[in-house]
Amino acid sequence: MSNIDLNKILKEVTYNFSRSGGKGGQNVNKVETKVELVFNIDRSMTLDSSMKGLFKKKLHNKIDKEGNIRVRSQTERTQLGNKKKVNEKFVKMINNALKRDKVRIRTVKSMSTKEEILREKKKKSEKKRERARKDFFDE
């Protein structure tokens, strides 16, 4: 399922540029260094319907109402640096979505392990009982 061409997907992406927030002086005030990557899953020609379904399932919390995945970066001082960072984040997100979930194999505790756990519990409860405040009249 991971036979997906990332270069084709990156060609379907649109970028929005805007001014970054925060500190930075004149550079922040005049240069649009913040980059937002927008990828619409439904309009993608590279992804087939099964992959679109997988993306929607695995990335459901990152998709907006229009079916767009949005990735932003504004940490770098240059637009090119932020664009590179956004692409890296997006590719990482896609690769994580394509990973197969490991099937959990249920294990059963052995009888000796269960007995050991019970012995340890009894030891602890006995220790706590001994530490408990003894009433003056009980002696």
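Within the group Leu98, Leu59, which residue is under 30 Å from Lys34 (Cα atoms), without any contact (Cβ under 8 Å) to a residue 40 or more places away in the chain and not polar (S, T, N, Q)?
One residue alone meets the criteria, Leu59.
Hey, among the residues in segment 1-17 that are at pLDDT 90 or above and not in a loop (DSSP other than H, G, I, E, B), which one's nearest to Leu54 (Cα to Cα)?
Only one residue fits best here, namely Thr14.
Would you mention how many residues in segment 1-50 are surrounded by 14 or more Cβ atoms within 10 Å (Cβ to Cβ), aliphatic (A, V, I, L, M) and over 19 Å from the mean Cα position of the chain (by Cα)?
8
Are any of the residues in segment 76-94 modelled with pLDDT under 95, exposed (fewer than 10 other Cβ atoms within 10 Å of the Cβ) and over 30 Å from Gln26 (Cα atoms)?
Checking segment 76-94: not a single residue is modelled with pLDDT under 95, exposed (fewer than 10 other Cβ atoms within 10 Å of the Cβ) and over 30 Å from Gln26 (Cα atoms).
What's the number of the only condition in (1) surrounded by fewer than 16 Cβ atoms within 10 Å (Cβ to Cβ); (2) in a helix (DSSP H, G or I); (3) hydrophobic (A, V, I, L, M, F, W, C) that Val103 fails to meet?
(2)
Check off (1) at pLDDT below 90; (2) out of contact with any strand residue (DSSP E or B) (no Cβ under 6 Å at 6 or more places or on another chain) for Gly67 and give me the number that stays unchecked.
Single failed check for Gly67: (2).
Only one of (1) part of a helix (DSSP H, G or I); (2) over 27 Å from Thr33 (Cβ atoms) fails for Lys65. Which number is that?
Condition (1) is where Lys65 drops out.
The values are calculated or read from the model by the stated rules, or taken from the named source; none is laboratory data. Model, not experiment: these values are computed from the prediction. Virtual Cβ from ideal backbone geometry, glycine too; neighbours counted across all protein chains shown.
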